[in-house]
Amino acid sequence: MSARPNTEAAAQQAENTAPHRAGFACFVGRPNAGKSTLTNALVGQKVAITSNRPQTTRHTVRGIVHRDDAQLILVDTPGLHKPRTLLGERLNDVVRTTWAEVDVIGFCLPADQKLGPGDKFIVKELAGIKKTPKIAIITKTDLVESKALAEQLLAVSALADELGFEWAEIIPVSAVKAEQEAGRGSSDRSGDGRGAGQVDLLADLIAPLLPESPPLYPEGDLTDEPEMVMVAELIREAALEGVRDELPHSIAVVVEEMLPREDRPADKPLLDIHANVYIERPSQKGIIIGPKGKRLKDVGTKSRKHIEALLGTPVFLDLHVKVAKDWQRDPKQLRKLGF
């Protein structure tokens, strides 16, 4: 007598034999659309600096999400904007180059802001990219009521219809809510520390759109950013706090060296980090340093905590403020500062 097939076992076997996928997905949108916060929430750790000021992200940041069925390499890009400086033009070039190289594009639109000319400009450019799947992501949903969210979902769907293409998916998310749920240990989240707020669902939707591939990065890697670049970004994030109105885009940071302190015992290591904070004019120096050096000291204290968490070792941070005259408009200075 033949045995009845075990449908549950068959389903499990089919799931186990499903091809692994791996590839690149980039988040695009106008400045301050929540791209960096979303990247951090998906990765489950801070890999991109965030700020409520536009144009905080200045280069592509790759965050890596490891799953049993897929590996998502998330590329956080600078916000596409109307450039006013040579730096702005180069940032826009970075965005468009990234679009051409990824497997999935996620367009981020804040739930609390109406579709504007900047959004329509970006989506119009995306409409010209025919083969790459595009997902519309409504971010910051924790800031609006359900009616406003529904209106935003309809608006972004209608915009694609108007431009003659279709979103592969449209999904509302709240990266902030995800972090809060993860911090409270909510049961409504995956076991890997990322939160609710539909962030995990977003990963579920991106994964099937990636090409079949073995993992591209080793298990445990969360970013391919060089440590010196990440340290410089953490310092810049701390430097932006409190001076965003006066110096929103004039600050750049370069880590000159990172060296283990030679005379330390093996069980008490110390990493010496020497970094320069660049501004554009001598008059800005006092703003960064603050009365009796208090602001610069605060920058060092705040950034050191994040740096030590990132590197897993105690750090001595030596900061100096220097003037690079009009560096955002000077090709030579831009090269020196890594742009």
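Computed from the coordinates by the stated procedures, all read-outs in this text should not be read as laboratory data. Source: prediction; values computed, not measured. With ideal geometry, Cβ positions are generated from the backbone for all residues, glycine too; neighbour counts draw on all protein chains shown.
Observations, loosely collected:
- Arranged from fewest to most other beta-carbon atoms within 10 Å of their beta carbon, VAL231, VAL255 become VAL255, VAL231.
- The Cα center of segment 269-323 and the Cα center of segment 108-162 differ in position by 38 Å.
- Ranked list, fewest to most other Cβ atoms within 10 Å of each Cβ, for VAL229, VAL75: VAL229, VAL75
- Gyration tensor verdict on segment 269-339 (Cα atoms; rounded if a/c is under 1.5, prolate if a/b is larger than b/c, oblate otherwise): oblate
- Shape call, segment 209-339: gyration tensor on alpha carbons, a/c limit 1.5: oblate
- The ranking of PHE121, PHE107, PHE27 by Cβ neighbour count inside 10 Å, starting from the fewest, reads PHE121, PHE107, PHE27.
- Listed by chain and number, the lysines whose C-alpha is less than 21 Å from the C-alpha of LYS297, apart from same-chain residues fewer than 8 away, are LYS285, LYS305, LYS322.
- In summary, the lysines within cross-link reach of LYS124, defined as a Cα separation below 24 angstrom excluding same-chain residues under 8 places away, comprise LYS35, LYS82, LYS114, LYS134, LYS140.
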